[in-house]
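The structure appears right after this line, and notes come after that.
Where a number appears in this text, it was derived from the coordinates with a stated rule and is not lab data. From a predicted model like this one, the values you see are computed outputs, not experimental measurements. Quick reminder, even Gly has a Cβ in these numbers, built from the backbone with ideal geometry, and neighbours come from all protein chains shown.
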Amino acid sequence: QMSTVLMIDISHSMILYGEDRITPAKKVAMALAELIITRYPKDTLDILVFGNDAKIIPLKQLPYLKVGPYHTNTVAGLQLAMDILKKKKNNNKQILMITDGKPSCLKLSDGSYYKNSAGLDPKITNQCYNMAKQAKKLKIPITTFMIARDVYLQHFVREFTRSNGGKAFYTGLDNLGEMIFEDYESNRKRKI
């Protein structure tokens, strides 16, 4: 059995620059759910979205998902994903994250938000690296599907992936589904 959390970035950058990144993400999530339900009915799939905050969404809401005027709080998404997976009984767990790769927001302990959209802020990226290391300690690999081509964002994703020991795919919108399905199939482990 495999427990998977699929994280979808719903920050404003997912529709910036005339490129619709959210529609392919929704389509892939719906297809992945269909694959799991029909082919691996004992596996679990939880879907969450992350912008300024993170929240679990039911599958039936997925077709109506929209991006908002949000920043990207990757840390909140990862924390929620790990909280979900800690409650699962089986040993095989994973996080699949679809994002453009630019974390730009943190929720502070006083409830306020620290936001910085200019470049990569070390205060934010270091928290992301820490979350990746926490997931590694829990034996939860993170596979990142990055749907943007910016070199400095790819550098962040490489560092994030190194911190977790997971995988990263730098993909265009046209082959996102193919990559996610191949990765899901290869991550399924059988215990004998």
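Might you report the magnitude of the Cβ-based charge dipole of region 37-118 about its Cα centre, with Lys and Arg at +1 and Asp and Glu at -1, to the nearest 20 debye? It would help to have the intermediate numbers written out before the result.
On the way: 13 positive and 6 negative charges, 71 e Å.
Its charge dipole is roughly 340 debye.
Would you please put 13-23, 158-168 in order of how densely packed they are, using the mean number of other Cβ atoms within 10 angstrom per residue and starting with the highest?
Numbers: 13-23: 15.5, 158-168: 17.8.
Ranked from most to least packed, the peptides come out as 158-168, 13-23.
Report, by chain and number, residues whose modeled amide H sits under 5 Å from the one on Tyr70, excluding near sequence neighbours (fewer than 5 apart, same chain).
His12
What Kirkwood hydrodynamic radius, in Å, does region 19-109 give when the mean of 1/r is taken over all pairs of distinct Cα atoms and then inverted? Intermediate values should be presented prior to the final figure.
Working: mean 1/r = 0.0701 Å⁻¹.
14.3 Å is the Kirkwood radius here.
Under 17 Å from the 7 Å Cα→Cβ point of Asp183, by amide nitrogen: which residues of region 83-97?
Label zone hits: 93-97.
Would you kindly state how much longer the chain becomes between Asn90 and Glu34 on full extension, computed as 0.36 nm times their sequence separation minus their alpha carbon distance, in nm to one decimal? Could the numbers behind the result be given before it?
Numbers: separation 56, 0.36 × 56 = 20.16 nm, distance 2.07 nm.
Result for the pair: 18.1 nm of gain on full extension.
So if I place +1 on the C-beta of Lys and Arg and -1 on the C-beta of Asp and Glu, and nothing else carries charge, what would the dipole magnitude of region 1-152 be about its Cα centre? I want it in debye, nearest 20. Each step should come with its number before you reach the end.
Values: 22 positive and 12 negative charges, 131 e Å.
Computed charge dipole of region 1-152: roughly 620 debye.
Could you tell me what a quarter of the Cα convex hull surface of region 85-127 works out to, in nm² with one decimal place?
Values: hull surface 18.6 nm².
Mean projected area for region 85-127: 4.6 nm², to one decimal.
What distance in nm separates the simple spin-label points at Lys60 and Lys115, each placed 7 Å from Cα in the Cβ direction?
Taking the two extended label points, one gets 3.2 nm.
Go through Lys89/Lys133; Lys60/Lys89; Lys89/Lys167 and tell me which ones have a Cα-Cα distance over 28 Å in this structure. Mind showing how you got there, number by number?
Values: Lys89/Lys133 21 Å; Lys60/Lys89 25 Å; Lys89/Lys167 24 Å.
As for pairs spanning more than 28 Å Cα to Cα, there are none.
State, as an integer percentage, the relative contact order of region 31-126 based on alpha-carbon contacts under 8 Å between residues 6 or more apart. Numbers along the way, then the final one.
Details: 94 pairs, mean separation 20.9, N = 96.
With pairs under 8 Å counted, the relative contact order is 22 percent.
For Gly51, list long-range residues whose amide hydrogen, built 1.01 Å from N in the peptide plane, is under 5 Å from its own amide hydrogen.
Amide H neighbours of Gly51: Ile10, Asn73.
Compute the helix-to-body angle for 122-137: its Cα long axis versus the longest principal axis of the chain, expressed 0 to 90° and rounded to tens.
20 degrees
What is the spin-label model distance, in nm, from Lys42 to Asp83 if the labels are put 7 Å beyond Cα along the C-beta direction?
A separation of 2.9 nm, rounded to one decimal place.
What size of dipole, in debye to the nearest 20, comes out for region 1-65 about its Cα centre when the only charges are +1 on Lys and Arg C-beta atoms and -1 on Asp and Glu C-beta atoms?
Details: 7 positive and 7 negative charges, 43 e Å.
About 200 debye.
Over the chain, what is the mean sequence separation of C-alpha contacts under 8 Å (at least six apart), divided by residue count, expressed as relative contact order in percent?
Details: 348 pairs, mean separation 45.1, N = 192.
Once divided by the residue count of the chain, the mean separation gives 24 percent.
For Asn130 and Glu159, compute 0.36 nm times the residue count separating them, minus their Cα-Cα distance, and round to one decimal in nm. Mind showing how you got there, number by number?
Values: separation 29, 0.36 × 29 = 10.44 nm, distance 1.11 nm.
Taking 0.36 nm per residue and subtracting the Cα distance, the gain is 9.3 nm.
Could you give the alpha-carbon Rg of the chain over 2.2 N^0.38 Å, rounded to two decimals?
Details: Rg = 15.4 Å, N = 192, 2.2 N^0.38 = 16.2 Å.
Computed over Cα atoms of the chain, the ratio equals 0.95.
Pairing the Cα long axis of helix 151-164 with the longest principal axis of the chain, what angle in degrees results, from 0 to 90 and rounded to the nearest 10?
50 degrees
For Lys167 and Glu19, FRET efficiency with R0 = 30 Å and r from the beta-carbon atoms, rounded to 0.05? Kindly include the intermediate steps, with their values, before the conclusion.
Numbers: r = 23 Å, r/R0 = 0.78.
The calculated FRET efficiency here is 0.80.
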